[in-house]
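The values are calculated or read from the model by the stated rules, or taken from the named source; none is laboratory data. Source: prediction; values computed, not measured. No Cβ is skipped: glycine too gets one built from the backbone with ideal geometry, and neighbour counts run over all protein chains shown. Ligands, DNA and RNA are stripped out before the accessible areas are found, and what is left, the full protein with its side chains, is counted by its heavy atoms. Shrake-Rupley method; radii C 1.70, N 1.55, O 1.52, S 1.80 Å.
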Amino acid sequence: FLASVVLLGLLAGGVSAQTAATPEELAKESAQACAASASVKATPEMVIEKVNKACELIGKEGKAAFPKFKGKNSEFIFAGTYIWVNNMEGTVLLHPVKYKMEGSTMLELKDSDGRPFVMDYIDVGKTKGSGWVAYMWPKPGEKTPSQKVAYVKKAVCDGQDVVVACGIYDVNPDEVAKLVGK
């Protein structure tokens with residue numbers, strides 16, 4: 001009963017249930033939402049649309065928008081994927097599933113082929129404004145790396161340049177080559 005009263009009080013006070021959840025609970029909800037939506041295959045067009053919408057939201061609301069990217073009701077968790085945000089120094093600012101990465105610098109992170117893909121995200125953001133990056137990364141729940149392509153776009157968050165990204169797997173190799181311009 002007390003928990004219900006507290007939750008109702010939070011909701012009535014304008015605080016969503018999302019903000020009342022712990023980071024662990026939100027990450028679990030986000031992972032479950034991602035898995036539950038995976039029956040819909042993400043397309044490059046869907047990813048671009050969501051990244052563009054995320055960039056607009058982050059541009060308007062800054063980091064205050066970050067809770068909208070987490071939890072089971074987030075529109076930014078869709079078709080088995082989600083949005084994440086890095087700053088231009090490679091620090092993870094937002095990750096709905098792996099919240100412990102937030103605040104960590106991933107600039108030196110490399111895929112199984114030795115590609116420094118976070119550096120690639122930043123380079124695309126700085127030089128082109130937006131584009132696709134291909135790299136090898138394990139699918140959720142797997143250990144063996146698979147081909148992944150991420151659409152990245154530069155945005156401004158609270159006056160700071162950031163890269164907003166979303167990745168997908170199982171893209172035809174010819175389509176990957178077309179997307180990344182190779």
**Report entry** Under 19 Å from the Cα of Lys60 - aspartates and glutamates, other chains or at least 8 residues apart
**Finding:** Glu49, Glu75, Asp158, Asp161
Query raised in the report: So if we plug the beta-carbon distance of Ala177 and Met119 into 1/(1 + (r/R0)^6) with R0 = 22 Å, what FRET efficiency do we get, rounded to 0.05?
Result: 0.60
**Report entry** Among [x] 27, 20, 17; [y] 23, 20, 17; [z] 29, 18, 15, the entry derived from the coordinates for semi-axes √(5λ) of the Cα gyration tensor in Å
**Finding:** [z]
Query - Prolate/oblate/rounded label for the stretch 71-154 (Cα gyration tensor, a/c 1.5) - result: rounded
Requested in this report: In nm, give the distance between the simple-model label positions of Gln160 and Ser112, each being 7 Å from the Cα along the Cα-to-Cβ direction.
Outcome: 3.3 nm
Requested in this report: Can you send over the solvent-accessible area of Met101, 1.4 Å probe, protein chains only, in Å² to the nearest 10?
Outcome: 50 Å²
Query raised in the report: Normalised by the residues of the stretch 31-91, what does the relative contact order come to in percent, with Cα pairs under 8 Å and at least six apart?
Result: 50 percent
Report task. Report the charge-dipole magnitude of the chain in Debye, nearest 20, computed about the Cα centre from +1 at each Lys and Arg Cβ and -1 at each Asp and Glu Cβ. Result -> 80 debye
Report summary line: Any lysines whose Cα falls less than 22 Å from that of Lys110, other than same-chain ones fewer than 8 residues away, would be Lys98, Lys100, Lys126, Lys128, Lys139, Lys143, Lys148, Lys153, Lys154, Lys182
Report task. Would you compute, from DSSP H runs of 4+ residues alone, the mean residue ellipticity of the chain at 222 nm, taking -39500 (n - 2.57) per run and dividing by the full residue count, rounded to the nearest 500? Result -> -11000 deg cm²/dmol
